[in-house]
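Notes follow once the structure below has been shown.
The values are calculated or read from the model by the stated rules, or taken from the named source; none is laboratory data. Please read all numbers here as calculations on a predicted model, not as lab measurements. Cβ sites come from the backbone with ideal geometry, for glycine too, and all protein chains shown count toward neighbours. Ligands, DNA and RNA are excluded from the accessible area calculation, which covers all protein heavy atoms including side chains. Shrake-Rupley method; radii C 1.70, N 1.55, O 1.52, S 1.80 Å.
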Amino acid sequence: MNKLTVLSPTAILGYGFPKQSFLEGLTHNPDVIGVDAGSVDPGPYYLGAGVSFTDRAAVKRDLALILPEALKRKIPLMIGTAGGSGASVHLAWNREIIEEIAAEQNLSFKMAVIPADIDKDYLLANLDKTTPLGPLPALTAKDVQDSTHIVAQMGWEPYREALDQGADVVLGGRTYDPAVFAALALKLGFPSGPALHMGKILECAAIAAEPGSGRDCMVGILDEEGFTLFPTNPERRCTVKSVAAHSLYEKSNPWLLPGPGGALDLRNTRYQQVDERTVRVTGSVFVKNDYAIKLEGSRLIGYRTLAIAGVRDPIFISQLQQVLDQVRAAVKDNFEGSANYSLEFKVYGLNGVMGDLEPTPVPGHEVGIIIDAVASTQEKANTICSFCRSTLLHYGYEGRIATAGNLALPYSPSDVPAGAVYEYCIHHLLPSEPNFFKPEFVEVGKR
Amino acid sequence: MKSVPITELAHVIRSKNSGPFELTFDMIFKDDQSFDLAVKSGVFTPQLFAELYKIPVEKVLGVIEYPPARAIKATIARIRPAGSLGETDVYGAQQHAPLLTIKVPVE
């Protein structure tokens, strides 16, 4: 085999794709279909709570189209970071969707499932080997113990093992994004630089096209020297700039993209326009280094209740900060000692978007306020939010002439219990080895 | 010295998380001439981003020129991990406004 064709239907499983784009992708006879199903971007809640940030019905819609076509054509289907965050609870969620589709469409196949969970005792025993990945403190035993789920990003190697053992579908836990697109190529001996760089772009599907979209398909064709890329929807095109610019996206250094076992070095990468819609990429190199995996974990810090309110009174707005400070003090006076809580006001129209980074904290003619209370239980958060809202509503600030109420409350009920709140506490590297994670095999749809 | 607003030179100016602990800014220039002008102006320094965001210069983790996309990228440490208490922008996608005020000196 001197060429390998990879189809990426969507940037994230559940973000969708036009069916016609997918069918057009299949006409290029892909050797593998890859889908990235996750991200850390939606924040610490989803990993911590074991919930997917993608919608179940939307994930099922995408898989119900992809799965039968892949099986019919004997194209391996590789899914990375199942359930959005890739812990075993997310993996089980995604697996159940696949099994449901198999039952509904009468499909049978061999599936590999690759958990990405890290055992706490194992991590505690190896704590001193970890290093922070970015501007954060060293890992502590408390961080490990507090985390509800701890995962690490696997590389392409466990996917290779799954393919070696004849899996038709591979469902992986937390995974280095390019791995699902590159595993078959690397198993077949294609050079790792182009294979992983192509995977890095394909994991975002048509985001690297013009106009960019996360819900449309992209095809990559890998060869011994490099790869070519094009979107399957004729309304989009790849350009040298759209493809080159992709390595900037969500990354700190576009020249050097680290992953398990090494880094993609793009300093000698060349981009070439092949035709109006196709770009060729050559010269990308994968530089090996000591194998390490990225750990991720988040912990529960409390429960949130919020209330949304608007203010239009110019006298109130002219002393906004003092009023909020005084109300905060009143809440403290009422509940000091009886509740451990955090109370903040997000003031839209002042600095609601940028907070302390806002260079122009000048209020508009109206402002929106979110009262944001976090406490150790939902009931305590409800209490703080409720007390704060009622105090602010009737607070007698200096010079007040609108004495019936200070807030425009758009909803009844006004207070919204928002549930558990998590924070990231693990984002560290741990030395490891390529086959640390092991696939498990299941026969789906056979009795 | 004369200067040109960055909005006349760049067609993409954006912010986004680079992982939960960093915030990265991309300024992608319209054409080679605009990119060259920006690079040669010498205005894109860690000090510039420290001043724009009123943060210590050590919190600016890097400023990188990337000619393949005619881009300049700067990355700063997030003031809190994404989604922690006090968060205003989990994805970091609306932190770019101060960049729009950059003026690029020209000869």
Exercise for review: Please go through the range A:1-43 and pick out each residue that is closer than 17 Å to A:ILE98 by Cβ, in contact (Cβ under 8 Å) with a residue 60 or more places away in the chain and open to solvent by 10 Å² or more (accessible area, probe 1.4 Å).
Suggested key: A:ILE12
Check your understanding: When only residues in the range A:353-403 that are among the basic types (Lys, Arg) and either within 28 Å of A:GLU423 (Cα to Cα) or touching a helix residue (DSSP H, G or I) at 6+ places or on another chain (Cβ under 6 Å) (or both) count, which is surrounded by the fewest Cβ atoms within 10 Å (Cβ to Cβ)?
Key -> A:LYS380
Review point. For the range B:12-22, how many residues meet the condition of being in contact with a helix residue (DSSP H, G or I) (Cβ under 9 Å, 6 or more places away or on another chain) and assigned to a strand (DSSP E or B)?
Key: 4
Check your understanding: From the list A:LEU171, A:LEU136, A:LEU123, which residue is in a helix (DSSP H, G or I) and either of a type in the set (A, V, I, L, M, F, W, C) or under 14 Å from A:ILE293 (Cα atoms) (or both)?
Key -> A:LEU123
Review point. Looking at A:PRO417, A:PRO413, which is the one that is open to solvent by 20 Å² or more (accessible area, probe 1.4 Å) and part of a strand (DSSP E or B)?
Key: A:PRO417
Practice item. Would you confirm whether any residue within the range A:321-335 is out of contact with any His (no Cβ under 9 Å at 6 or more places or on another chain), within 30 Å of A:LEU139 (Cα to Cα) and of a type in the set (D, E, K, R)? Key: no
Practice item. Only one of these is within 14 Å of chain B (Cβ to nearest Cβ) and touching a residue at least 40 places away in the same chain (Cβ under 8 Å): A:ALA408, A:ALA375. Name it. Key: A:ALA375
Review point. Away from chain B (no Cβ under 11 Å), among the polar types (S, T, N, Q), in a strand (DSSP E or B) and over 28 Å from A:ALA206 (Cα atoms) - does that describe any residue in the range A:294-302?
Key: no
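Looking only at the range A:281-319, how many residues end up being more than 30 Å from A:PRO158 (Cα to Cα) and open to solvent by 10 Å² or more (accessible area, probe 1.4 Å)?
Step one: filter the range A:281-319 for residues more than 30 Å from A:PRO158 (Cα to Cα), giving A:300-319.
Retained after the next criterion (residues that are open to solvent by 10 Å² or more (accessible area, probe 1.4 Å)): A:300-301, A:303-304, A:306, A:308, A:310, A:312-315, A:317-319.
Residues flagged as more than 30 Å from A:PRO158 (Cα to Cα) and open to solvent by 10 Å² or more (accessible area, probe 1.4 Å) within the range A:281-319 amount to 14.
Of all the residues that make up the range A:224-251, how many are in a loop (DSSP other than H, G, I, E, B), buried (at least 21 other Cβ atoms within 10 Å of the Cβ) and either on the phi > 0 side of the Ramachandran plot or not hydrophobic (A, V, I, L, M, F, W, C) (or both)? If you could, list the steps in order and put the result at the bottom.
The first filter runs over the range A:224-251 and keeps only residues in a loop (DSSP other than H, G, I, E, B), leaving A:224-225, A:232-236, A:238-239, A:247-251.
Narrowing the set further to residues that are buried (at least 21 other Cβ atoms within 10 Å of the Cβ) leaves A:232-233, A:236, A:238, A:247-248, A:251.
Adding the requirement that they be either on the phi > 0 side of the Ramachandran plot or not hydrophobic (A, V, I, L, M, F, W, C) (or both) leaves A:232-233, A:236, A:247, A:251.
So the answer is 5.
Hey, could you check the range A:320-352 for residues that are at negative phi, assigned to a loop (DSSP other than H, G, I, E, B) and crowded, with 17+ Cβ neighbours inside 10 Å and say which is nearest to the other protein chains (Cβ to nearest Cβ)?
The first filter runs over the range A:320-352 and keeps only residues at negative phi, leaving A:320-336, A:338-348, A:350-352.
Going one step further and asking which of them are assigned to a loop (DSSP other than H, G, I, E, B), we end up with A:336, A:338-340, A:350-352.
Then drop every residue that is not crowded, with 17+ Cβ neighbours inside 10 Å, which leaves A:339, A:350-352.
Numbers: A:ALA339: 15, A:LEU350: 11, A:ASN351: 8, A:GLY352: 6 Å.
Per the criteria, the residue is A:GLY352.
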**Study point:** Hits in the range A:348-386 - residues which are hydrophobic (A, V, I, L, M, F, W, C) and more than 17 Å from A:ALA329 (Cβ to Cβ)
**Key:** A:LEU350, A:VAL353, A:MET354, A:LEU357, A:VAL362, A:VAL367, A:ILE370, A:VAL374, A:ALA375, A:ALA381
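Do you know which residues across the range A:154-182 are more than 17 Å from A:GLU440 (Cα to Cα) and either more than 17 Å from the chain's Cα centre (by Cα) or open to solvent by 20 Å² or more (accessible area, probe 1.4 Å) (or both)? First the steps, then the outcome.
Filtering the range A:154-182 for residues more than 17 Å from A:GLU440 (Cα to Cα) gives A:176-179, A:181-182.
Answer for the range A:154-182, where residues must be more than 17 Å from A:GLU440 (Cα to Cα) and either more than 17 Å from the chain's Cα centre (by Cα) or open to solvent by 20 Å² or more (accessible area, probe 1.4 Å) (or both): A:ASP177, A:PHE181, A:ALA182.
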Check your understanding: What is the number of the single condition among (1) open to solvent by 10 Å² or more (accessible area, probe 1.4 Å); (2) away from every other protein chain (no Cβ under 13 Å) that A:ALA209 does not meet?
Key -> (1)
Review point. Can you tell me which residues in the range B:33-91 are within 7 Å of chain A (Cβ to nearest Cβ), open to solvent by less than 40 Å² (accessible area, probe 1.4 Å) and assigned to a strand (DSSP E or B)?
Key: B:GLY62, B:ILE64, B:TYR66, B:ALA71, B:LYS73, B:THR75, B:ALA77
Revision key, fill the gap. Given (1) more than 16 Å from A:VAL40 (Cα to Cα); (2) at pLDDT below 95, A:ASP143 misses just (2)
Check your understanding: Among the residues of the range A:255-274, is there at least one that is touching a helix residue (DSSP H, G or I) at 6+ places or on another chain (Cβ under 8 Å), polar (S, T, N, Q), open to solvent by 30 Å² or more (accessible area, probe 1.4 Å) and away from chain B (no Cβ under 11 Å)?
Key -> yes
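So, A:GLY355, is that one at pLDDT 95 or above and within 14 Å of chain B (Cβ to nearest Cβ) or not? Spell out how you get there, then give the answer.
Details: at pLDDT 95 or above: yes; within 14 Å of chain B (Cβ to nearest Cβ): yes.
It is true that A:GLY355 is at pLDDT 95 or above and within 14 Å of chain B (Cβ to nearest Cβ).
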Practice item. Check B:VAL106 against each of (1) more than 7 Å from chain A (Cβ to nearest Cβ); (2) farther than 24 Å from A:GLU423 by Cβ; (3) under 13 Å from the mean Cα position of the chain (by Cα) and name the one condition it does not meet. Key: (3)
**Study point:** Total residues in the range B:1-32, condition at the interface with chain A (Cβ under 10 Å from one of its Cβ atoms), open to solvent by 20 Å² or more (accessible area, probe 1.4 Å) and within 10 Å of the chain's Cα centre (by Cα)
**Key:** 1
